[in-house]
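What follows draws every value from the coordinates through simple rules; no lab data is involved. Everything quoted here is computed from the prediction, not taken from an experiment. As a convention, Cβ positions derive from the backbone with ideal geometry for all residues, glycine included, and neighbour counts pool all protein chains shown.
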Amino acid sequence: MSVYSMTGYASVVASVPDHVSENTEDVDTPVSSRKNAAGSVGAELRSVNSRFLDLSFKLPDEFRGLEPAFRDLLTATFKRGKIELRLAPQRAGDTAWPQPLPEQLHTLARIEGMVQNWLPKAGPLSVNEVLTWCRSATPAAKLEEAALEAVKQCVQALKDARAIEGKRMVAVINDRLKQLRELAGQAGPLVPQAVQRQQERFLQRYQEALTAVGGSVTPEGAQERALAEAAAYALRIDVDEELERLKAHLDEIERLIKKGGEAGKRLDFLIQELHREANTLGSKAAALERTQISVGMKVLIEQMREQVQNIE
């Protein structure tokens with residue numbers, strides 16, 4: 001299963017099919033004018049990161065009734081992200097006249113008769129007025145059908161775009177995981193080295209103190225005291241537990257991104273845990289090398305956080 005980003009963009013245009021003229025005896029009418037597109041519906045989806053699924057719709061009045069259907073399409077596909085849907089109908093015909101349907105002409109004639117009965121002085125409709133009305137009267141069902149098709153295609157296109165972005169993010173995260181493992185491997189061996197150096201310093205200090213007090217403390221006692229101080233120091237700077245937890249978190253992150261699906265919230269929690277372990281390593285740093293490793297880890301973890309915050 002893929003890992004999906006919450007950011008993406010997609011746009012689709014679906015045509016509104018026109019009717020086919022039933023007046024087949026009119027041989028002077030070109031075939032292209034008997035069957036063509038009555039317009040189109042453009043769908044546009046924009047998606048950014050969000051803690052939850054947040055949907056917003058920018059719809060023309062004729063598509064308001066379809067909002068529940070659009071919402072169902074989006075919630076069935078996406079689980080997180082702030083997603084905005086825009087629809088823009090475009091009727092054909094600023095340059096091309098439609099072929100009127102017989103039922104349209106019958107309806108228009110009936111309405112014209114009713115108006116003339118009420119208003120005897122009303123003039124008859126011109127051909128231009130009839131064609132203009134037919135052009136603006138594309139059946140609502142056809143527009144809605146095209147709108148639904150446009151949104152379906154756009155949802156799939158957005159899903160594909162988010163999957164492509166997700167693959168890129170996974171590649172970045174895997175690279176940072178590799179670097180973090182390398183730094184963790186470098187941090188472990190530094191502890192015995194630091195303890196050895198500190199033990200030597202303690203022993204030298206007690207020997208100096210032994211010389212200063214004129215032998216009131218035996219060499220064996222000084223050495224025993226130095227070893228005890230070194231042991232206590234080793235406990236204070238020991239990071240084996242922190243490194244084990246850090247490696248466990250890295251393993252879990254790797255498992256989640258391989259599994260795919262809705263991993264964003266779990267990954268975000270693990271990033272927080274990684275940051276906590278890196279801070280502890282820094283607080284227990286007894287040498288410049290350990291401090292540098294801790295800082296390097298924090299940089300890598302922050303880079304991972306930027307990617308994880310966009311994962312669904």
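Taking amide H as placed 1.01 Å from N in the peptide plane, Q90 has its amide H under 5 Å from the amide H of S40, V41, G42, each at least 5 places away in sequence or on another chain.
Among V3, V48, V170, rank each residue by its count of other Cβ atoms within 10 Å, from fewest to most, as a rough exposure measure.
V48, V170, V3
Residues I293, I111, arranged from fewest to most other Cβ atoms within 10 angstrom of their Cβ, appear as I111, I293. Once backbone amide H atoms are built at 1.01 Å from N, I311 has M6 as its partners under 5 Å, excluding neighbours fewer than 5 places away on the same chain.
Among the trypsin sites (Lys or Arg not before Pro) within region 48-78, which fall in a DSSP loop and have no more than 16 other Cβ atoms within 10 Å of their own Cβ?
In loop regions of region 48-78 (DSSP not H, G, I, E or B), the sparsely surrounded trypsin sites (Lys or Arg not before Pro) are R51.
FRET efficiency for the pair D160 and V295, taken as 1/(1 + (r/R0)^6) with r the Cβ-Cβ distance and R0 = 35 Å, rounds to 0.35.
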